[in-house]
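This report concerns only the one structure given below.
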Amino acid sequence: MTTGDEKTTVLHLSTSSGPGGAERMISMLAAALNQGQFRIIVGLFRPGWLQAECEAREVMTCVMPLSGLFNLRWFRACVRLLRREHVALVHAHEFSAILCGWIVAMVTGVPFVATVHGKNYFWEKFRRRVAYRLVSRHGAMVVVSEDLKRFVCDKVGVAQNRVEIIYNGVAPAQTITDEEVQACKADLEVSDCYPLLGVVGSLYPVKGHRFLLEAMPEILRQWPKARLLVIGRGELDVAL
């Protein structure tokens, strides 16, 4: 850990450029840490929402295109970045970034942290389960909930003592006036609706939107003026 006016440089690697829950958390975490004794760099495989969000928050980003998990050009670029920027810690998020970041950290001798944000489908392939077991033995593995820790231990085979739970931080809510609430409802044409239900999240199977939609007919039978607002985008947009 550096002292005085020097800052400790941390590289966050993200599998996705978002938008999504994990990506939003990364941008918030990076911006918050970047204000103190840390200097944060966010490494991405492609440009996108997360790059724009981080740069708007004055966090340095670096796009290093990755075509295939074992792309030598990417590994050379990442190693050069670590050495040029004197990176003291690599913190990777989700499978591809975790595996690639772990390899780079092992090669350079830089400490490594892996954060698993969701279940996704990485565990269905044996080689991916093996990869996570290796990572957990040679780096710190973090999950964001107790349920996810049970999943990683039971389904992936990572030892219980190799997984730590750190819940996602939440930014303080902004104060919203009644006038702003009513104006928003008017824009959405839901001023007379009650109850007003909402779900925010990417439209992926793992989010379980279909269960909420299946429950809506019963809700409408009891509360005819109920309305559901679905906020998000993804592969299930048309199907849902």
Study note, to complete from the structure: Flagged in segment 1-50 as in contact with a strand residue (DSSP E or B) (Cβ under 8 Å, 6 or more places away or on another chain) and assigned to a loop (DSSP other than H, G, I, E, B), in numbering order, are Met1, Thr2, Lys7, Thr15, Ser17, Asn34, Gln37, Phe45, Arg46, Pro47
Check your understanding: Restricting attention to segment 209-232, which residues are surrounded by 11 or more Cβ atoms within 10 Å (Cβ to Cβ) and under 31 Å from the mean Cα position of the chain (by Cα)?
Key -> His209, Arg210, Leu212, Leu213, Ala215, Met216, Arg227, Leu228, Leu229, Val230, Gly232
Point to revise | Residue in segment 118-131 that is nearest to Gly201 (Cα to Cα), counting only those that are without any contact (Cβ under 8 Å) to a residue 12 or more places away in the chain and assigned to a helix (DSSP H, G or I) | key: Glu124
Point to revise | Restricting segment 169-199 to residues that are at pLDDT below 90 and not β-branched (Val, Ile, Thr), the residue that is farthest from Arg150 (Cα to Cα) | key: Gln174
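Among residues belonging to segment 106-122 that are crowded, with 17+ Cβ neighbours inside 10 Å and closer than 19 Å to Tyr167 by Cβ, point out the one that is nearest to the chain's Cα centre (by Cα).
His117
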Study note, to complete from the structure: Flagged in segment 80-105 as touching a strand residue (DSSP E or B) at 6+ places or on another chain (Cβ under 6 Å) and surrounded by 22 or more Cβ atoms within 10 Å (Cβ to Cβ), in numbering order, are Val87, Val90, His91, Ala92, His93, Ala97, Ile98, Gly101, Trp102, Ala105
Check your understanding: What is the one condition in (1) under 21 Å from Glu124 (Cα atoms); (2) aliphatic (A, V, I, L, M); (3) touching a Leu at 6+ places or on another chain (Cβ under 6 Å) that Leu197 does not satisfy?
Key -> (1)
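A quick yes/no check of all residues on (1) under 28 Å from Gly208 (Cβ atoms); (2) exposed (fewer than 12 other Cβ atoms within 10 Å of the Cβ):
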{"position": "Glu124", "(1), (2)": "yes, yes"}
{"position": "Ala140", "(1), (2)": "no, no"}
{"position": "Asp147", "(1), (2)": "yes, yes"}
{"position": "Cys153", "(1), (2)": "yes, no"}
{"position": "Gly169", "(1), (2)": "yes, yes"}
Check your understanding: Given the residues Val199, Val206, Val190, which is the only one that is surrounded by 12 or more Cβ atoms within 10 Å (Cβ to Cβ), touching a residue at least 24 places away in the same chain (Cβ under 8 Å), closer than 18 Å to Asp237 by Cβ and of a type in the set (Val, Ile, Thr)?
Key -> Val199
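The values are calculated or read from the model by the stated rules, or taken from the named source; none is laboratory data. Keep in mind the model is a prediction, meaning the values are calculated, not measured. Cβ sites come from the backbone with ideal geometry, for glycine too, and all protein chains shown count toward neighbours.
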